[in-house]
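Q: My questions all concern the structure below.
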Amino acid sequence: MHSSTGRESPVPPGTSATERLYYTDAYRRTFLAGVLAVVPAAGGRTGVVLDRTVFYPTSGGQPHDTGTLAGIPVADVVDADEHVIHVLEPGSAPPGIGVEVEAEIDWDRRYDHMQQHTAQHLVSAAFLQQFRAETVSVHLGDSSTIDFDREALSPDEALAVEDAVAAAVYDNRPVTVRFVDADEMDKLGLRRPAKRSGTLRVVEIEGLDRSACGGTHVRTTAEIGPMLLRRWERAKGHLRVEFLAGWRALRDYRWKHALVSEWSGRLTVRDRELSDALGRLAARVEDRERALAAAVRRLVAYEAAERLAAAPTTDGPKVLRLEFPERDPDEVRLLLRELTAREPCVVLAGVVETGRLYFVRSPGVEADMAAILTQAARSVGGRGGGTAEAAQGTAPPAEVSRALDLAGEQVRRA
């Protein structure tokens with residue numbers, strides 16, 4: 001026997017099938033069941049097969065349920081053909097075969113999945129009706145996404161989808177489940193052709209959608225609550241749409257509303273004026289950043305001139321040893337470029353706070369910065385590399401000074 005994942009099932013042959021109670025009652029939270037088998041599971045854990053279950057296994061893009069079985073936390077639920085394997089938390093002792101156990105699902109997690117999954121049916125139906133866009137794949141996890149066979153989506157089109165789903169929610173349409181033979185599939189008008197033979201489980205949203213689906217759903221569209229399309233992008237040749245529904249959408253609204261309220265108050269504007277106010281603030285920040293960058297460049301130019309003037313005059317290029325307690329890396333690089341551009345020199349710089357080493361030389365100066373830095377850094381337990389003109393590395397902060405001294409000796413001997 002092979003599981004639905006294509007791997008050999010660990011369930012002993014001849015074990016009775018698991019009755020899937022969630023197929024007919026997605027709202028059931030607790031149940032009693034008999035233990036049919038105890039099997040090995042991934043990660044060295046233990047799996048329990050029951051004669052009946054409310055736990056939904058990962059399947060069809062919907063995540064598995066969690067909860068407890070005989071008081072033991074259930075960490076995963078696996079679909080293995082006609083069996084459902086309840087994977088226990090590591091280190092848990094499983095109940096014995098033949099024992100009747102009481103189990104309970106995490107209802108908040110289950111209901112969240114029910115809201116997301118039913119909302120997915122409505123979103124898929126809206127895309128098909130409005131844009132003739134077929135659903136390619138679905139992923140319902142921490143982030144719920146649908147891939148459509150479409151190139152792009154405009155903001156106005158996204159609003160139209162949200163409006164269509166909202167209208168269905170406000171209509172409070174029934175969501176029903178029935179079982180039919182696959183031979184009747186052509187007569188059912190399913191949104192997507194079923195990929196299975198035999199008996200099909202069909203989920204219908206009255207007047208809007210009819211799909212073969214094994215997932216859990218709410219009883220009416222009103223239970224979906226708000227739904228919004230959070231973002232969309234091109235992914236793997238399709239349009240990928242992320243959406244939020246129910247409590248997820250409400251929680252998303254709450255933190256965004258709090259953020260808008262906070263910044264509206266800080267900028268003393270109405271909430272609908274916040275975008276313009278933030279735009280003006282961002283423009284002012286950019287202007288100040290440009291002015292600050294220009295000022296830094298001028299100061300660095302003055303600093304470079306002063307350091308070169310103070311450096312001892314030699315027959316060859318000047319050698320500057322610069323040791324900073326702390327300094328911004330971009331500012332260090334700017335200073336080194338300024339120094340080496342003004343006159344022929346070698347600059348050996350280090351920042352004690354970070355242990356960073358920067359060795360550079362002017363074009364035409366005969367000194368291999370990569371070789372000098374590598375040797376000096378290794379001598380103090382550091383490392384580095386680069387080119388003959390410029391090299392960077394690291395050393396223990398307490399050894400930066402000694403690394404600079406060693407490098408200076410190498411330059412003088414060269």
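The values are calculated or read from the model by the stated rules, or taken from the named source; none is laboratory data. Computed from a predicted structure; not experimentally measured. Here Cβ is always computed from backbone atoms with ideal geometry, including for glycine, and neighbour counts include all displayed protein chains.
Q: VAL202 is checked against (1) touching a residue at least 60 places away in the same chain (Cβ under 8 Å); (2) part of a strand (DSSP E or B); (3) β-branched (Val, Ile, Thr) and fails just one. What number does that condition carry?
A: For VAL202, the exception is condition (1).
Q: Tell me yes or no: at least one residue of the stretch 94-105 is within 27 Å of the chain's Cα centre (by Cα), within 19 Å of VAL49 (Cα to Cα) and either surrounded by 20 or more Cβ atoms within 10 Å (Cβ to Cβ) or assigned by TED's automatic domain parsing to the domain that holds TYR27 (or both).
A: yes
Q: Restricting to the stretch 181-213, what's the tally of residues that are under 19 Å from ASP25 (Cα atoms), at pLDDT 90 or above and surrounded by fewer than 18 Cβ atoms within 10 Å (Cβ to Cβ)?
A: Summing the residues that are under 19 Å from ASP25 (Cα atoms), at pLDDT 90 or above and surrounded by fewer than 18 Cβ atoms within 10 Å (Cβ to Cβ) in the stretch 181-213 gives 1.
Q: Let me ask you something else. What do you reckon, is VAL269 surrounded by 14 or more Cβ atoms within 10 Å (Cβ to Cβ), of a type in the set (A, V, I, L, M, F, W, C), outside the structural domain of VAL400 (by TED's automatic domain parsing) and at pLDDT 95 or above?
A: yes
Q: Okay, moving on. In the stretch 237-256, which residues are free of Cβ contacts under 8 Å to residues at least 40 places away in the same chain and surrounded by fewer than 20 Cβ atoms within 10 Å (Cβ to Cβ)?
A: Within the stretch 237-256, GLY237, LEU250, ARG251, ASP252, TYR253, ARG254, TRP255, LYS256 qualify.
Q: So, in the stretch 354-384, of the ones that are touching a residue at least 24 places away in the same chain (Cβ under 8 Å) and of a type in the set (Val, Ile, Thr), which residue ends up nearest to LYS318 (Cα to Cα)?
A: VAL365
Q: Collect the residues in the stretch 158-178 that are surrounded by fewer than 18 Cβ atoms within 10 Å (Cβ to Cβ), farther than 24 Å from ARG231 by Cα and touching a residue at least 40 places away in the same chain (Cβ under 8 Å), keeping them in residue-number order.
A: Within the stretch 158-178, ASP171, ASN172, PRO174, VAL177 meet the criteria.
Q: Working only within the stretch 241-294, note down all residues that are touching a helix residue (DSSP H, G or I) at 6+ places or on another chain (Cβ under 8 Å) and in a loop (DSSP other than H, G, I, E, B).
A: Matches in the stretch 241-294: GLY246, LEU267, VAL269, ARG270.
Here is a yes/no grid of residues against (1) crowded, with 18+ Cβ neighbours inside 10 Å; (2) not hydrophobic (A, V, I, L, M, F, W, C); (3) not in a strand (DSSP E or B):
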{"residue": "ALA17", "(1), (2), (3)": "no, no, yes"}
{"residue": "ALA26", "(1), (2), (3)": "yes, no, yes"}
{"residue": "LEU36", "(1), (2), (3)": "yes, no, no"}
{"residue": "TYR56", "(1), (2), (3)": "yes, yes, yes"}
{"residue": "HIS64", "(1), (2), (3)": "yes, yes, yes"}
{"residue": "VAL84", "(1), (2), (3)": "yes, no, no"}
{"residue": "GLY91", "(1), (2), (3)": "no, yes, yes"}
{"residue": "ARG109", "(1), (2), (3)": "no, yes, yes"}
{"residue": "HIS117", "(1), (2), (3)": "yes, yes, yes"}
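Q: Would you mind finding the one in VAL49, VAL11 that is more than 31 Å from the chain's Cα centre (by Cα) and assigned to a strand (DSSP E or B)?
A: It is VAL49.
Q: Take ARG234 and decide whether it is of a type outside the set (A, V, I, L, M), under 24 Å from ALA26 (Cα atoms), in contact (Cβ under 8 Å) with a residue 24 or more places away in the chain and assigned to a strand (DSSP E or B).
A: no
Q: Restricting attention to the stretch 205-231, which residues are free of Cβ contacts under 8 Å to residues at least 24 places away in the same chain and over 13 Å from PRO174 (Cβ atoms)?
A: Within the stretch 205-231, ARG230, ARG231 meet the criteria.
Q: Which ones in the stretch 353-393 are surrounded by fewer than 18 Cβ atoms within 10 Å (Cβ to Cβ) and closer than 18 Å to ASP328 by Cβ?
A: GLU353, THR354
Q: Looking at the stretch 310-323, I want the residues that are surrounded by fewer than 16 Cβ atoms within 10 Å (Cβ to Cβ) and have a partner that is outside any loop (DSSP other than H, G, I, E, B) with Cβ atoms under 8 Å, at least 6 apart or on another chain. Which pairs are those?
A: Final answer for the pair search is PRO312/LYS318; GLU323/ALA349; GLU323/GLY350; GLU323/VAL400; GLU323/SER401; GLU323/LEU404.
Q: Consider ALA371 carefully, then state whether it is part of a helix (DSSP H, G or I), closer than 21 Å to ARG327 by Cβ, in contact with a strand residue (DSSP E or B) (Cβ under 9 Å, 6 or more places away or on another chain) and assigned by TED's automatic domain parsing to the domain that holds GLU338.
A: Considered against the rule, which asks whether it is part of a helix (DSSP H, G or I), closer than 21 Å to ARG327 by Cβ, in contact with a strand residue (DSSP E or B) (Cβ under 9 Å, 6 or more places away or on another chain) and assigned by TED's automatic domain parsing to the domain that holds GLU338, ALA371 comes out as no.
Q: Another question, if that's okay. From the set of residues in the stretch 138-157 that are touching a residue at least 60 places away in the same chain (Cβ under 8 Å) and charged (D, E, K, R), which is nearest to PRO57 (Cα to Cα)?
A: That would be ASP147.
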